[in-house]
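Below is one structure; the comments refer to it alone.
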Amino acid sequence: TTRGQDLMWRRRAGWFVASHLRGKTTAKTPVVLDLCSGTGLTALEIGRVLQDWYGYNFSFSIVGLDYNPEMLAIAKSRTDSFAKGRMTFLRGNAMDMRCFSPHTFDFTTQVFGIGGVSDPLDVFREVLRTLKPGGVYFLIDIHHPIPTQPGEWSVFLWWLRSSLFEAIT
C-alpha cells in the first residue's frame with residue numbers, strides 16, 4: 001500500500017529524533033518510545049539513524065511497545081548487534097500505558113499504528129502523560145483515499161491531493 005515508501009517514512013522518524021537532538025548538550029541518554037512497534041522496523045531504523053549521525057558509542061534507549069506477541073517476537077529476533085542493550089520490546093496497550101511513569105520519554109514515535117487503535121484520543125492522552133516536558137511526538141500514518149473527502153481526486157487510477165483541490169471542492 002505504500003509503494004515502497006514505508007522505509008523512507010520510518011527513516012524520517014529517525015531523522016526527526018536525531019535532528020531534535022542536534023546541538024543539545026545533555027549527559028542523559030535520550031529515551032524513545034516507539035508505539036505500535038509491530039515487528040520493530042521503525043525502532044531499528046531510528047537506532048540506525050542515531051548510530052549514523054552520532055556514532056557507534058552514542059548512548060540511546062528505544063522501547064518498542066506493541067499488543068501482538070507474535071510481532072514482538074519478530075522484532076526481538078531482528079535486533080541488530082548494535083541495538084542489543086539499547087532496545088527493548090514490550091507487550092502493552094498504547095491506549096493504557098500505566099506500565100510507564102509520567103514524564104518517562106524524550107520522544108514518542110508512531111508510524112502506521114494509529115489506524116489500528118480503537119480510541120486514538122486515549123493514545124494521545126497517554127503520550128502526553130508519558131512524554132517529558134519538552135518531549136516530542138512524531139506520528140505518521142496512511143489511509144485509503146476517500147473519494148468524498150475534499151482535496152482528493154482520482155486521475156487515471158492515481159489519487160492526487162492538493163490544497164487547491166480542497167479550495168475548489
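The values are calculated or read from the model by the stated rules, or taken from the named source; none is laboratory data. Quick caveat, the model's predicted, so the values are computed rather than measured. So basically every Cβ, Gly included, is an ideal-geometry build from the backbone, and we count neighbours across all protein chains shown. Areas reflect the complete protein model, heavy atoms only, side chains present, ligands, DNA and RNA absent. Shrake-Rupley method; radii C 1.70, N 1.55, O 1.52, S 1.80 Å.
For Leu41, the conditions (1) touching a residue at least 24 places away in the same chain (Cβ under 8 Å); (2) over 22 Å from Arg12 (Cα atoms); (3) open to solvent by 40 Å² or more (accessible area, probe 1.4 Å) are fulfilled apart from (2).
Would you pick out the residues in the range 97-124 that are more than 15 Å from the chain's Cα centre (by Cα), more than 10 Å from Leu33 (Cβ to Cβ) and either modelled with pLDDT under 95 or among the aromatic types (Phe, Trp, Tyr) (or both)? Selection gives Arg98, Cys99, Ser118, Asp119, Leu121, Asp122. For the range 45-54, the condition of being small (Gly, Ala, Ser) and exposed (fewer than 12 other Cβ atoms within 10 Å of the Cβ) holds for none of the residues.
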